[in-house]
Every structure is written in structure tokens, then in C-alpha cells.
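The values are calculated or read from the model by the stated rules, or taken from the named source; none is laboratory data. Since we're looking at a predicted model, the values are computed, not measured. We place every Cβ from the backbone using ideal geometry, glycine too, and count neighbours over all the protein chains shown.
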């Protein structure tokens, strides 16, 4: 799929898993794997990194809308068919989700997320690095890690401060048993707007264009100030996360969890 606009030197035009277009000062970045519920694999991760990095050099872009193709899912985390090699040492681990976010790529332009459908697990690597979230009224949020014998560590750390502590604990601990509705997420302050699905992109675009109309230096300076306040605690927690994942992902529980996942059986979640 060819990008509508090339933002800066080195930006590839042959994007297959990301759809990119520019609308004046607003870039639209769409995770484009609807048949895989917009799960991220190596290609999507690499392409998204290249988009974020390239946008750092494009002064014509002053705000970004991030969304997922289709109406079933914004993103459902890592593609389970992607096997990521890990170091043999338990003191080191590679988590590809940490490569996804715009802040990780040192992109300090405001990002508005438009969530249409499910956002779960690894989706929070993205939602944890945006400034504001608009959700379609049928969107849901959940983290299935514990159901499949895995510790949820990076994801709730990235969401820390965006949800009250008890709500974040419930989201991280209940696995597939419960999903947070868009309205509940709005009530908790995680989502800033809940709109009908056919108004989602217009609403996100309106917000992005309003931000883009402000002086760029003032916006970016404000952005860095807000994130500096938040990052001071988050950086220390993220340093601990690899060790907590290693301790929490016990082989027996992992094997049982993978068996449950591949069986295709799912509990009927309560949506609150």
C-alpha cells in the first residue's frame, strides 16, 4: 500500500501493514491488518517505528490521529504467530511492544487515538503513549494476560495514572473475565469522548486539527512538561518490569495458558 504523503527523508513508501495519509497538518496513521484484528507482527512494528521516526522530521505535521482498520478492533496486541527470540539469560528480555509507541520513538507531537472495537493487551503499549482517546460506543478494553498464564507488567505500568489504581488492577487482574466498556472508560477518565462509530474519525480529526492550529513550539513544550511529570515514576517501574515478567511467567502456567488460547474456547465476559 503506497503512502499518500512521504513525511521526511528515509520514510518508506511501500507500507503494507500501516496506512498513512496526511490531511493538512494532521497525519492519519492506521494499523491496517483488520483480518488479524490489527495485531502487531514484526512488519507492522517496523513500519510503525519508521512512521513515528519520519514524522519527527516533517514540520508540516503538527498532530496525529492513530486508529485501526475496520470496526472489530483497534489492536489486539501481538500476533500470536510471531515468535520473538529471547536471550537465554533471565536478566534480559526483548519485548517488541516497547518499540511501538510514539514517545518511545522520541516523537513529541500530540497523538489522538480513535478506538473502534476491542483494545486489549498489547494495544496498551500504544494507548499508554497518546495524549487523548476517543472511543466508539461499542469499544471495549481488557487485558487477557493472566488468563493465559502470563504476568501483565508493561501494559498496566504504561497505563498507570490514566486509570484509578483500583480500576487498573481490575483491568490487569481479571483477564478475559471482564471487559471495560467505552462508557465506563470515559467515566474513569481513560477515554475523553465516547461517540457513535460513524462519528469516531470526524471527532478525532476535529480534536487533532484544533491542536494543530496552535503554535507548534508551545504545544510541544507543553507536551514535554506533562510527560516529564508522568515519566519520573514510570521510568523506575519500567526498569523492574522485565524481572517481574520473568518471575510471573511460570512454565506450567504458560503452557496451560497457551493450550487454553489455542483451544479457541473463551469465557463470556461481563462488560461493565
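Within the bounds of the stretch 244-263, is there any residue that is under 29 Å from residue 69 (Cβ atoms), at pLDDT below 95 and loosely packed, with under 12 Cβ neighbours inside 10 Å? The answer is yes, given that some residue of the stretch 244-263 is under 29 Å from residue 69 (Cβ atoms), at pLDDT below 95 and loosely packed, with under 12 Cβ neighbours inside 10 Å.
Scanning the stretch 145-160 for residues that are modelled with pLDDT of 90 or more and assigned to a helix (DSSP H, G or I) returns 145, 146, 147, 155, 156, 157, 158, 159. With respect to the conditions (1) modelled with pLDDT of 95 or more; (2) closer than 30 Å to residue 252 by Cβ, residue 47 lacks only one, and its number is (2).
Scanning the stretch 189-204 for residues that are touching a residue at least 40 places away in the same chain (Cβ under 8 Å) and under 18 Å from the mean Cα position of the chain (by Cα) yields 190, 191, 192, 193, 194, 200, 201, 204. In the stretch 83-91 there is no residue matching the filter, namely being over 23 Å from residue 195 (Cβ atoms) and surrounded by 16 or more Cβ atoms within 10 Å (Cβ to Cβ).
Residues in the stretch 134-144 that are in contact (Cβ under 8 Å) with a residue 60 or more places away in the chain, in contact with a strand residue (DSSP E or B) (Cβ under 6 Å, 6 or more places away or on another chain) and assigned to a strand (DSSP E or B): 134, 135, 140, 142. Here residue 270 meets each of (1) modelled with pLDDT under 70; (2) surrounded by 12 or more Cβ atoms within 10 Å (Cβ to Cβ) with one exception, condition (2).
Among the residues making up the stretch 166-208, those that are touching a strand residue (DSSP E or B) at 6+ places or on another chain (Cβ under 7 Å), closer than 23 Å to residue 62 by Cβ and in a helix (DSSP H, G or I) are 200, 201, 203, 204, 205, 207, 208. Scanning the stretch 109-124 for residues that are in a loop (DSSP other than H, G, I, E, B), modelled with pLDDT of 95 or more and either closer than 15 Å to residue 210 by Cα or under 11 Å from the mean Cα position of the chain (by Cα) (or both) gives 109, 110. Does residue 70 qualify as being at positive phi and surrounded by fewer than 19 Cβ atoms within 10 Å (Cβ to Cβ)? Against the criterion (at positive phi and surrounded by fewer than 19 Cβ atoms within 10 Å (Cβ to Cβ)), residue 70 qualifies. Do the conditions hold for residue 149, that is, is it buried (at least 20 other Cβ atoms within 10 Å of the Cβ), on the phi > 0 side of the Ramachandran plot and in contact (Cβ under 8 Å) with a residue 60 or more places away in the chain? Yes, satisfied.
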